[in-house]
Amino acid sequence: MNPLFFLTRVDPMDDGLAFQAAAMDFTVVRESLLETEPGADARWLQDHLAGIPDGTGLAWTSRRAAEALMDALPRVRERLSRVPLYAVGEESASPVRPSGLSPHVPPEPLGAAELARFIAGRAAQDGVRRVIFLHGNRSLPDLPNGLKERGIDVEFLEVYRTRFLAPDFRGLEDALREGATVIVAFFSPSGVEAFERLLLGDSCARFRAHALVIARGLTTALELRNRGYRKVLAFEPLAPFQHYATRALQAAPGGTP
């Protein structure tokens, strides 16, 4: 049985990686485990942003939050051009950059806790005493907690909500039972939770013990390790995800370099 490479999202950003995996004789499966919709504050986001007072920055830790910001941009572009913006990494900053806005990104993309340290370190020069956190309903508290610990007030705006989907996992379950090499790529802690909810019986414990997993981002890597995953492959915080994911596939048993 060919080794299985399972991508837990369907995103054009992963097209190149999926093509490379197929060329290495992996069976490639791409399934969306999460779906997003506007959050409780999305409807009024333009009004919130239009009235941002001086001394306030805007921060987010996901690409989806940046996309929600872009939806609100036409009415608030001029105001936001004078507001310090902060993103956890280049992927989460990328939806905003074509607009001409330039979010500050930590030099090392080490997750939301690092973003809090980065913002606090810049707060004096940026004139920031308060930060508005654009988030989803399942966002972790690392960023707001880190800011509050450093004396920076935080306001919360839920700009999107995430709900779990239920794709067919029979092929994955069969591969696990047959002892095939299984590599799964995860992109968020919510994706890990959504994935485990779909595993049947004792498959979750078996998967944590034997499957190979790749994490995009430090927060996801830590979530996997905290849940007891024993084989978290190739996480490299300073390297593009496709680069270190490809190297992990090349080193996996059953694939063709």
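What the table shows:
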{"read-out": "Test: residue in the stretch 42-65 that is over 27 Å from Gly151 (Cβ atoms) and touching an Asp or Glu at 6+ places or on another chain (Cβ under 6 Å)", "value": "yes"}
{"read-out": "Qualifying residue in the stretch 23-37 (condition: within 19 Å of Val159 (Cβ to Cβ) and among the acidic types (Asp, Glu))", "value": "yes"}
{"read-out": "Residue satisfying condition, being part of a helix (DSSP H, G or I) and either under 25 Å from Leu212 (Cβ atoms) or not assigned by TED's automatic domain parsing to the domain that holds Arg230 (or both), within set Glu155, Glu114", "value": "Glu114"}
{"read-out": "Residue count, the stretch 1-29 (criterion: farther than 24 Å from Arg177 by Cα and outside any loop (DSSP other than H, G, I, E, B))", "value": "9"}
{"read-out": "Long-range neighbours under 7 Å by Cβ, at least six apart or interchain, first residue closer than 21 Å to Pro12 by Cα within the stretch 178-205, second assigned to a loop (DSSP other than H, G, I, E, B) and of a type in the set (Ser, Thr, Tyr)", "value": "Val184/Thr8; Ala185/Thr8; Phe186/Thr8; Phe187/Thr8; Gly191/Thr8; Phe195/Thr8"}
{"read-out": "Residue satisfying condition, being modelled with pLDDT of 95 or more and either touching an Asp or Glu at 6+ places or on another chain (Cβ under 9 Å) or crowded, with 18+ Cβ neighbours inside 10 Å (or both), within set Gly127, Gly89", "value": "Gly127"}
{"read-out": "Contacts under 9 angstrom Cβ, first residue in the stretch 69-91 being among the basic types (Lys, Arg), partner loosely packed, with under 12 Cβ neighbours inside 10 Å, 6 or more apart", "value": "Arg77/Gly100; Arg79/Gly51; Arg82/Asp54"}
{"read-out": "Residue identified as over 29 Å from Ala18 (Cβ atoms), out of contact with any Ser or Thr (no Cβ under 8 Å at 6 or more places or on another chain) and not in a loop (DSSP other than H, G, I, E, B) among Leu147, Leu172", "value": "Leu147"}
{"read-out": "Residue list for the stretch 154-171, filter: crowded, with 18+ Cβ neighbours inside 10 Å and either at positive phi or aliphatic (A, V, I, L, M) (or both)", "value": "Leu157, Val159"}
{"read-out": "Residue within the stretch 113-121 that is surrounded by fewer than 21 Cβ atoms within 10 Å (Cβ to Cβ) and aromatic (Phe, Trp, Tyr) present", "value": "yes"}
{"read-out": "Flag if Ala180 is over 15 Å from Leu7 (Cα atoms), modelled with pLDDT under 90 and part of a helix (DSSP H, G or I)", "value": "no"}
{"read-out": "Lone unmet requirement of (1) aliphatic (A, V, I, L, M); (2) crowded, with 20+ Cβ neighbours inside 10 Å; (3) not in a helix (DSSP H, G or I) for Ala194", "value": "(3)"}
{"read-out": "Filter result for the condition that a residue is assigned to a helix (DSSP H, G or I), buried (at least 19 other Cβ atoms within 10 Å of the Cβ), within 21 Å of the chain's Cα centre (by Cα) and hydrophobic (A, V, I, L, M, F, W, C), over Leu49, Leu69, Leu58", "value": "Leu69"}
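Let's see how each residue does on (1) in the same structural domain as Glu155 (by TED's automatic domain parsing); (2) farther than 22 Å from Asp126 by Cα; (3) touching a Ser or Thr at 6+ places or on another chain (Cβ under 6 Å); (4) among the charged types (D, E, K, R):
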position: Asp47; (1), (2), (3), (4): yes, yes, no, yes
position: Leu58; (1), (2), (3), (4): yes, no, no, no
position: Arg64; (1), (2), (3), (4): yes, yes, yes, yes
position: Leu69; (1), (2), (3), (4): yes, no, no, no
position: Arg75; (1), (2), (3), (4): yes, yes, no, yes
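The values are calculated or read from the model by the stated rules, or taken from the named source; none is laboratory data. Nothing here was measured: the structure is a model prediction, and the numbers come from that model. Quick reminder, even Gly has a Cβ in these numbers, built from the backbone with ideal geometry, and neighbours come from all protein chains shown.
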